[in-house]
1. From B:LEU62, B:LEU37, B:LEU24, which residue is within 14 Å of another protein chain (Cβ to nearest Cβ), under 13 Å from B:VAL126 (Cα atoms), of a type in the set (A, V, I, L, M) and out of contact with any Leu (no Cβ under 6 Å at 6 or more places or on another chain)?
2. For B:VAL131, state whether it is under 14 Å from B:LEU62 (Cα atoms), in contact (Cβ under 8 Å) with a residue 12 or more places away in the chain and not acidic (Asp, Glu).
3. I'd like to know if segment B:180-200 contains one or more residues that are assigned to a helix (DSSP H, G or I) and of a type in the set (Ser, Thr, Tyr).
4. Restricted to segment A:84-138, and to residues that are small (Gly, Ala, Ser) and closer than 26 Å to A:GLY148 by Cβ, which residue is nearest to the other protein chains (Cβ to nearest Cβ)?
5. Given the criterion without any contact (Cβ under 8 Å) to a residue 24 or more places away in the chain and either within 21 Å of B:THR39 (Cα to Cα) or buried (at least 24 other Cβ atoms within 10 Å of the Cβ) (or both), identify the matching residue among B:ASP195, B:ASP115, B:ASP147, B:ASP152.
6. Suppose we filter A:GLU164, A:GLU156 for residues that are among the acidic types (Asp, Glu) and within 12 Å of chain B (Cβ to nearest Cβ); which single one remains?
7. A:MET204 is checked against (1) part of a loop (DSSP other than H, G, I, E, B); (2) in contact (Cβ under 8 Å) with a residue 12 or more places away in the chain and fails just one. What number does that condition carry?
8. Is there a residue in segment A:76-90 that is touching a helix residue (DSSP H, G or I) at 6+ places or on another chain (Cβ under 9 Å) and under 30 Å from B:ASN83 (Cα atoms)?
Amino acid sequence: MISYDAIKRLSGDLYDWSLKKIPEDTKVRLAEAESMETGANAKKVLQFMIHSARVAEEEGRFLCSDAGVPVYAVKVGSQARFEGDVKRAFSDGFDELVERIDPPLLRFVQNPLTNERSFKGKDMPIVSWDIIDGADYMDITCSPKALGSGRWAALEIFVYPSLEDIEKYIMDTVIKAGSQHCPPVMIGVGIGGSFDQAAKLAKMATLRPMGTDNPEPILADMEKRLFKAINKTGFGPMGQGGDTTALGIHIDYSAGHGFTPVAVCFNCWINRRTRARIYNDGTIDRIE
Amino acid sequence: MSQTHELTLPFKAEEIERLEIGDLVFLTGEIIVTVGLPTHKRIKAFIDEGKNLPLDFDKGMLCQVGCYVEERDDGTRVCRYINPSTSTRFEPYLPTIIGATGIMAVGGKGGVGPDTIKSMRENGCVYLSFVGGASALTSEAVREVVDVVWEDFIPQFRLTRLRVEKLGPLNVGVDVRGNCLYTNLQEQARDKLDDLMEELNQTRPASP
């Protein structure tokens, strides 16, 4: 049985870890980018980022003290069995982390109607739920979101767009964001489905490990071409100017009904993401 | 060609005038940090009401940087981290603050809005952008917590004076002539867009 206590602890830990360590694939991409960057100052900025991330991980310090708000993507195995409340375990896990994390988190959960800030709020943490048929575990990804990169996400509804229309919208969104979202960024794109589905696809696309192939050939090709084009825009790391504006772009799609939403979102260079599975027998497998 | 500068605070006007957008800067001396919107609002209110600010801003630097100062039992104060925030959020307050306090640099990340750039040009002030998300290494430059005022705010919002050594690299985002690195990069990217779209069109496989 997967217990309330185990989920509470793990969900808090996943958030904690995501604030202090960048994912392995992101480290690899940053190192590649640094070796290929031709801008002298851009190269220095990338070296500083890589060095800082290493210090944060080794010393258990914050990568960025603006911890964002906790966002989880949870997949529940249809054979998973639970003991105690599951949803409450996530909100209690966050409350407990606020108490134990050192140094303390910035009080950042904001009520958009009153601008009051606290550690609590309606629908906090933000959790999206999915089902994995047959699995005897719960798969939890934590990917916190803050204003810095969060504010530049965009969505537009097209009617029977061409691939060119879609690519143009992505390029326009990238140029509008410019160097505000702490580049080099991880870009997620969702095409089709419905308004809500496209946004979710875009967010989930950012979670796909870098270096993995898109199973849809049209999108695999689009990712390669857009990656090159975006890195030719010249914004560079932190707007220093240079060849490294994006770490990657991942695109996903859903079938829909002629009206085609296109959603684009960004993760800053620290690309906060952690993931673990918790099994019916209580075993925890930390994936990243 | 971009240069790297080592500057000390309080600033000298000629050193600030020499900075060009895209240059890198390392700073030694005392800076003032706060990441609070209400703090900036209060600074502006003090200026508007003609009241004296509790810290001396003259020839200094005000940073939109969050800082957590821990007070130990023995009364000593330790800075646990510093970390930049998005400066454009503070656009309603920065032009007045730059015009009235004598600061010669604003620090944060991502750049500032048009009114702030205008005020910088008029007052001989530059914008220095921190590397976002690099709190661990950036914080190592902090040597001392010199002063903390307005303790009615949460720690990260308090007006805090820190002594730093070789803080950086900071990127010159706006110079005293009103040149803005970020606006230029955006214009250059827009100018390239037609060519980039042409390249995307040329390389896209034909639809089945």
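The values are calculated or read from the model by the stated rules, or taken from the named source; none is laboratory data. Computed from a predicted model, the values in this text were never measured in an experiment. Reconstructed Cβ throughout: ideal geometry from the backbone, glycine too, with neighbour counts over all protein chains shown.
1. It is B:LEU24.
2. On the way: under 14 Å from B:LEU62 (Cα atoms): no; in contact (Cβ under 8 Å) with a residue 12 or more places away in the chain: yes; not acidic (Asp, Glu): yes.
Judged against the criteria, B:VAL131 is not a match.
3. From segment B:180-200, those assigned to a helix (DSSP H, G or I) are B:181-200; that's our starting set.
Filter once more, keeping what is of a type in the set (Ser, Thr, Tyr): B:182-183.
Among the residues of segment B:180-200, at least one is assigned to a helix (DSSP H, G or I) and of a type in the set (Ser, Thr, Tyr), which makes the answer yes.
4. Filtering segment A:84-138 for residues that are small (Gly, Ala, Ser) and closer than 26 Å to A:GLY148 by Cβ, the one nearest to the other protein chains (Cβ to nearest Cβ) comes out as A:SER118.
5. Details: B:ASP195 fails: either within 21 Å of B:THR39 (Cα to Cα) or buried (at least 24 other Cβ atoms within 10 Å of the Cβ) (or both); B:ASP115 fails: without any contact (Cβ under 8 Å) to a residue 24 or more places away in the chain; B:ASP147 fails: without any contact (Cβ under 8 Å) to a residue 24 or more places away in the chain.
From the options B:ASP195, B:ASP115, B:ASP147, B:ASP152, the qualifying one is B:ASP152.
6. After ruling out the rest, the residue left standing is A:GLU164.
7. (1)
8. yes
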